[in-house]
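The structure appears below as structure tokens.
The values are calculated or read from the model by the stated rules, or taken from the named source; none is laboratory data. The structure presented is a predicted model; accordingly, all values stated were derived computationally and were not measured. No Cβ is skipped: glycine too gets one built from the backbone with ideal geometry, and neighbour counts run over all protein chains shown. Accessible surface is based on the protein model in full, side chains and every heavy atom, while ligands, DNA and RNA are left aside. Shrake-Rupley method; radii C 1.70, N 1.55, O 1.52, S 1.80 Å.
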Amino acid sequence: MYKIIEKENLAPGIKRIRVEAPLIARKTHPGNFIILRIGEFDERIPLTVADYDRDKGTITLIFQEVGYTTERLGSLEAGDYIQDLVGPLGKRLDLEGCKKVICIGGGSGTALLYPIVKAFHEKGAEILTITGARNKELVILEKELRTVSDKLFITTDDGSYGRHGFVTDILADLLITHSDIDLVVAIGPVPMMKAVSRITPANIKTIVSLNALMVDGTGMCGGCRVTVGGETKFTCVDGPAFDGHQVDFDEIMNRQSYYQEEEKHICRLGREVNS
Amino acid sequence: MALQKEKTPVKSQDPELRIKNFDEVCLGYNKSEAVQEAGRCLQCKDPACVKGCPVEVPIPDFIKAIIDDDLDRAAHIIKSKNNLPAICGRVCPQEEQCEKLCIMGKKYEPVAIGRLERFVGDYALKKAGVSDSRPAKIMKKKEKIAVVGSGPAGLTAAADLAKEGYQVTLFEALHAAGGVLRYGIPEFRLPENILDQEVSEIQKLGVEIKLNVVIGKTITIDELFAEGYSTVFIGTGAGLPKFLGLPGENLNGIYSANEFLTRVNLMKAYKFPEYKTPVRIGKKVAVIGGGNVAMDSARTAVRLGAEEVSIIYRRSKEELPARDEEIEHAEEEGVIFRLSNNPTAFHGENGRVKSIECVKMKLEGIDSSGRPVPVPVAGSNWSLEVDNVIIAIGQTPNPLLKYNTPGLKTNLNGGIIVDENLSASIPGVYAGGDIVTGAATVIKAMGAGKKAAQSIIKYLEEK
């Protein structure tokens, strides 16, 4: 059993929890994820680790309530327990040798971007961060990102905060004004990562972090398979970070949609029970 | 009494009924049936059957105990060699092992050793449920041993080492112990409560089970040694599903057998929406492959309501690697065998698989494994409409530990390289089961677990 130490609402539908998990905290690096199962009847879901504190033995998870399991996770409070938590899973990101980096977060993906920006910052890289949200209310981690970024750009779809438009608008500008970018990292909705990977030139390495459906997270089920550079890869063990110029994003979008009907079904049931 | 030439029949659930539930198919012997079948054993002085058993259960001795109506003794005899009799009695391929060598079998049907083992195994579990079956006090030894993976190899090694008094910790990556017995073998062949009870028997020996720990990720092998473990046994199995590498394989509706069975067995998707993990099976399902995992997948699909379930296998019925019993059960349940066919592509519509393109195969010559070589028949392509495809063409060793353990030598197939004592390339590290051999059987993995335990005991005594 894994105890929730702290809980905070970051934005409507976006929650942050800090969980006691000393073994996992000890070994987590930027890019790693965990799999959790809230209780006996629940699904196993992957969540990227948003932060970790090795001394206190805790990990931080930030998630958007998008379905039954994340809504149920969001309903837990400090003091509640998660039955199963396993990790760290996936490959850690290789952050070596980058002097100037553009980091892009879209929606709740910004939460997963934060530990990467922080790690680059600690390594002394120059970081231009772009975060995008639908509206002002949904902009998260602004203060935290500002502390560890050299420049922070904010966009909102409706123009209620920052620049009116998409993260790719800023990215296009930056690619013109900065000729010395070593790496672009993008985490967020698949269409956003696809758009980013289309804009960045082939000579600028572009890393995206995929969120595939998976069961075990250790290479056993193959449910998280994606096509990268024409080859089938498993997101859980070969990823979750991949070269955005090589990823078949359309296939991922299709695969992510497979259980939509079942998801709606249990969400409806869940709301009936809760109301 | 006249010689009974055939095995005493065992009751099973009627196919018409069982395709609508996940309850166990084979109902097992009752006591009088068991005694009747035990009476067929010739009690050979030099029993051939024992030589066919990877863990060398003294078969005639436990059968004699059944005849003597001393089931405690029968259980004790089996458990001296086999820590999981209720499981082995259900899933061992006895027809290729003990029963294959049974002298009765030369002329008539062999003694139904597997059914008798199950009968005794179930008796032992029932007894354990009502009385404290804790073994006599074991002299505790100070050495700590880590066992990685709680499948058949790990459970066996852990039990044998605990019986010797070592402090054994069993690490499991998933949220429940049992490995393939938990995520792979369906409820209708190995009920979960049998597995739960067998695991709890092993815990009673003093084995501590730590769930949700991925060795190589959460804790490395080096860290296990640093934490004071004297030796490590790796039994992480053949967890990585093989795919065909054909066009369209990543369309929605195409599962690996591992994913399909894990959703249904470990996550209980067959009880959706009570359990929240979904599995989607349409009307027409094709299972690619001809082994036990393919049969389990096909029979599971039938129970989930599929109307037409086909097995597509590239060789003929003779070569089907599945156990005869599994093939018979699948046939009884209406599974269609489309033999001598091989898929060449998957076609989809709106991102979902719609049909499989197949080519007919003929057999020519013999390959290095002694099996006929399937060759495509030119121009024989045909198409099968499907809603789902389950790919059950085998598994390879899980490379997760290898990736994160420098110095651990593996072969080209990803199997851990061991010597004749199952010692791996790192001192104090042993490995056995599917992680060494590639996908095999439960009992072979148990045999390896047993052998590794003996090697570890010797290693620690000489240290």
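Structure notes:
- Residues that are farther than 21 Å from residue B:288 by Cα and touching a residue at least 24 places away in the same chain (Cβ under 8 Å), drawn from the range B:228-273: B:228, B:229, B:230, B:231, B:232, B:233, B:234, B:235, B:236, B:237, B:266, B:270
- Of all the listed residues (B:447, B:438), the sole one being modelled with pLDDT under 95 and in contact with a strand residue (DSSP E or B) (Cβ under 8 Å, 6 or more places away or on another chain) is B:438.
- Tally of residues being in contact with a Lys or Arg (Cβ under 6 Å, 6 or more places away or on another chain) and in a strand (DSSP E or B) across the range B:358-384: 3
- Residue A:232 falls short on exactly one of the conditions (1) within 14 Å of another protein chain (Cβ to nearest Cβ); (2) in contact (Cβ under 8 Å) with a residue 24 or more places away in the chain, and that condition is (2).
- When residues of the range A:185-213 are limited to those that are of a type in the set (S, T, N, Q) and open to solvent by 30 Å² or more (accessible area, probe 1.4 Å), the one farthest from the chain's Cα centre (by Cα): A:203
- Looking only at residues of the range A:249-265 that are open to solvent by less than 60 Å² (accessible area, probe 1.4 Å) and among the acidic types (Asp, Glu), we find that the one that is nearest to residue A:207 (Cα to Cα) is A:251.
Here's the yes/no breakdown for (1) in contact with a Lys or Arg (Cβ under 8 Å, 6 or more places away or on another chain); (2) in a strand (DSSP E or B); (3) over 30 Å from residue B:172 (Cα atoms):
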| site | (1), (2), (3) |
| --- | --- |
| A:153 | yes, yes, yes |
| A:159 | no, no, yes |
| A:168 | no, no, yes |
| A:184 | yes, yes, yes |
| A:193 | no, no, yes |
| A:198 | no, no, yes |
| A:202 | no, no, yes |
| A:208 | no, yes, yes |
| A:215 | yes, no, no |
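- Residue in the range B:200-210 that is within 14 Å of chain A (Cβ to nearest Cβ) and among the polar types (S, T, N, Q) present: no
- Here residue B:68 fulfils each of the conditions (1) out of contact with any strand residue (DSSP E or B) (no Cβ under 6 Å at 6 or more places or on another chain); (2) in contact (Cβ under 8 Å) with a residue 60 or more places away in the chain apart from (2).
- The conditions of being within 13 Å of chain B (Cβ to nearest Cβ), open to solvent by less than 10 Å² (accessible area, probe 1.4 Å) and of a type in the set (Asp, Glu) are met by residue A:216.
- Within the range A:158-171, being in contact (Cβ under 8 Å) with a residue 24 or more places away in the chain and exposed (fewer than 14 other Cβ atoms within 10 Å of the Cβ) holds for one residue alone: A:158.
- Top-ranked residue of the range A:32-51 - restricted to ones that are more than 13 Å from every other protein chain (Cβ to nearest Cβ) and touching a residue at least 40 places away in the same chain (Cβ under 8 Å), ranked as surrounded by the fewest Cβ atoms within 10 Å (Cβ to Cβ): A:51
- Elements of the type strands (runs of 3 or more DSSP E) sitting completely within the range A:1-113 and holding at least 2 residues that are polar (S, T, N, Q): these cover A:58-64.
- Members of the range B:290-315 found to be within 14 Å of chain A (Cβ to nearest Cβ) and in a loop (DSSP other than H, G, I, E, B), listed by number: B:304
- Restricting the range B:260-288 to residues that are buried (at least 24 other Cβ atoms within 10 Å of the Cβ) and in a strand (DSSP E or B) leaves a set whose member that is nearest to the other protein chains (Cβ to nearest Cβ) is B:288.
- Number of the condition not met by residue B:360 [criteria: (1) modelled with pLDDT of 95 or more; (2) open to solvent by less than 60 Å² (accessible area, probe 1.4 Å); (3) within 30 Å of residue B:339 (Cβ to Cβ)]: (2)
- Yes/no for residue A:235 being closer than 20 Å to residue A:37 by Cβ, touching a helix residue (DSSP H, G or I) at 6+ places or on another chain (Cβ under 7 Å), of a type in the set (Val, Ile, Thr) and in the same structural domain as residue A:117 (by TED's automatic domain parsing): no
- Taking the range B:102-218 and the helices (runs of 4 or more DSSP H) fully enclosed by it, the elements with 2 or more residues that are modelled with pLDDT of 95 or more are at B:113-130, B:152-163, B:180-183, B:192-204.
- The number of residues in the range B:171-190 being more than 10 Å from every other protein chain (Cβ to nearest Cβ) and either of a type in the set (Ser, Thr, Tyr) or touching a Phe, Trp or Tyr at 6+ places or on another chain (Cβ under 8 Å) (or both) comes to 3.
- Of all residues making up the range A:1-31, the number that are under 23 Å from residue A:239 (Cα atoms) and away from chain B (no Cβ under 14 Å): 1
- Filtered residues of the range B:222-259 (kept if of a type in the set (Ser, Thr, Tyr) and more than 11 Å from chain A (Cβ to nearest Cβ)): B:229, B:230, B:231
- When residues of the range A:114-151 are limited to those that are among the hydroxyl-bearing types (Ser, Thr, Tyr) and part of a helix (DSSP H, G or I), the one surrounded by the fewest Cβ atoms within 10 Å (Cβ to Cβ): A:147
- The range A:60-104: number of residues that are acidic (Asp, Glu), surrounded by 16 or more Cβ atoms within 10 Å (Cβ to Cβ) and under 30 Å from residue A:153 (Cβ atoms): 1
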